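See below for the structure under consideration.
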């Protein structure tokens, strides 16, 4: 029997899973904030967590030292979300959610990150920078522009590879009443396509860095940048001895309707500045329906088409059914489907959601799935199901 829960409160209250269940709701500890000094402050550990897939976050919430740069430097909102949440997902492989607590990065500040994201300067560009700023440090991790040639040839021969950086900190208990930094994760977001203008006001030009013919170029450049990053990190106060994980993310082109994906990661042992082996990450976000889905994931594409047809047969007033599948090692890990509809009453929403819940069990019984049903001005219903669950969970908005 399928579950249908009619909610009269906001969905966010339901999903948070953080409402008090009785008893102690939080734990107070001290956190060491400077490894070179005996500097400490009070921190709060929430008693409850959303799920074992998420980290508990230390309170009060401390904004990252380079907060906001990710949003400024990545092409789309899709890439921003995937870069941040995907980095936490990968972190669980090195720092498990039972022993570690999450905190936004506190060591790489905005000025540091911006200086690293810049181009290396040479020749006349370097002389000018040193003349304009006597304290200028030539720390850019992106290649310098050649001193000769047209703007077009310079950019095509020396594209910007590193688009953004993100730091996450993972805290661990030092003893019963105190926390200390237990690990650091660094995400390096790389351009699969580099965009530039020859002059201000000119049309935007682009250089494809990562393609089917040259798929190893971006990975090689990312690995070289990571070698410089870990050496610099080891020179920073508080980061000399902690384990560090570095992950490389390939952001999608601006025209993409799905985000990019992580392509490799490496774990650097505590106290070391040497990167050993890289682990290849086989992940992909796929849009349904699309030619890519048909050619790369034929069975899943045909299943989505059949599901889509069921929606069309039941409810002709649809405006389009689309999906995004997340794949790892060639296997579908999660499907997210968006169904915008034209509704004329709440009973119509309930009837359609009931019908759709049955179709989920027919087509996506063994899949992690999320289906959002929306009207022109609001979300009407949400259907979710984990692969191991016997039945979906359904939320209808009031």
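The values are calculated or read from the model by the stated rules, or taken from the named source; none is laboratory data. Everything quoted here is computed from the prediction, not taken from an experiment. Note that we place each Cβ from the backbone using ideal geometry, even for glycine, and neighbour counts take in every protein chain shown.
Tabulated data for the structure shown
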{"item": "Residue 232 in the same structural domain as residue 58 (by TED's automatic domain parsing) and in a strand (DSSP E or B)", "result": "no"}
{"item": "Test result for residue 239, in the same structural domain as residue 262 (by TED's automatic domain parsing), in contact with a helix residue (DSSP H, G or I) (Cβ under 9 Å, 6 or more places away or on another chain), part of a loop (DSSP other than H, G, I, E, B) and crowded, with 18+ Cβ neighbours inside 10 Å", "result": "yes"}
{"item": "Flag if residue 195 is over 19 Å from the mean Cα position of the chain (by Cα) and under 22 Å from residue 81 (Cβ atoms)", "result": "yes"}
{"item": "Those residues of segment 351-380 which are under 23 Å from residue 302 (Cβ atoms) and part of a loop (DSSP other than H, G, I, E, B), in sequence order", "result": "364, 365, 366, 367, 368"}
{"item": "Segment 351-361, subset out of contact with any strand residue (DSSP E or B) (no Cβ under 6 Å at 6 or more places or on another chain) and closer than 15 Å to residue 397 by Cα, residue surrounded by the most Cβ atoms within 10 Å (Cβ to Cβ)", "result": "352"}
{"item": "Qualifying positions in segment 94-115 - without any contact (Cβ under 8 Å) to a residue 12 or more places away in the chain and more than 23 Å from residue 44 (Cα to Cα)", "result": "111"}
{"item": "Test set (1) assigned to a strand (DSSP E or B); (2) in contact (Cβ under 8 Å) with a residue 40 or more places away in the chain; (3) more than 30 Å from residue 234 (Cβ to Cβ) - residue 253 fails condition number", "result": "(1)"}
{"item": "Filter result for residue 250 (surrounded by fewer than 19 Cβ atoms within 10 Å (Cβ to Cβ), under 25 Å from the mean Cα position of the chain (by Cα), modelled with pLDDT of 95 or more and under 30 Å from residue 171 (Cα atoms))", "result": "no"}
{"item": "Lone unmet requirement of (1) under 25 Å from the mean Cα position of the chain (by Cα); (2) crowded, with 18+ Cβ neighbours inside 10 Å; (3) closer than 25 Å to residue 252 by Cβ for residue 169", "result": "(3)"}
{"item": "Residue ranges of strands (runs of 3 or more DSSP E) in segment 91-203 with at least 2 members out of contact with any helix residue (DSSP H, G or I) (no Cβ under 8 Å at 6 or more places or on another chain) and at pLDDT below 90", "result": "162-175, 178-191"}
{"item": "Which numbered condition residue 334 fails, given (1) under 19 Å from residue 79 (Cα atoms); (2) in contact (Cβ under 8 Å) with a residue 40 or more places away in the chain", "result": "(2)"}
{"item": "Exclusive hit being more than 26 Å from residue 73 (Cβ to Cβ) and either in contact with a helix residue (DSSP H, G or I) (Cβ under 9 Å, 6 or more places away or on another chain) or assigned by TED's automatic domain parsing to the domain that holds residue 219 (or both), set 265, 250, 294, 298", "result": "294"}
{"item": "Test result for residue 315, modelled with pLDDT under 95 and surrounded by 13 or more Cβ atoms within 10 Å (Cβ to Cβ)", "result": "yes"}
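Table: residues versus (1) touching a strand residue (DSSP E or B) at 6+ places or on another chain (Cβ under 6 Å); (2) modelled with pLDDT under 95; (3) surrounded by fewer than 17 Cβ atoms within 10 Å (Cβ to Cβ); (4) part of a strand (DSSP E or B).
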{"position": "301", "(1), (2), (3), (4)": "no, no, no, no"}
{"position": "304", "(1), (2), (3), (4)": "yes, no, no, no"}
{"position": "320", "(1), (2), (3), (4)": "no, yes, yes, no"}
{"position": "333", "(1), (2), (3), (4)": "yes, no, yes, yes"}
{"position": "349", "(1), (2), (3), (4)": "yes, yes, no, no"}
{"position": "382", "(1), (2), (3), (4)": "yes, no, no, yes"}
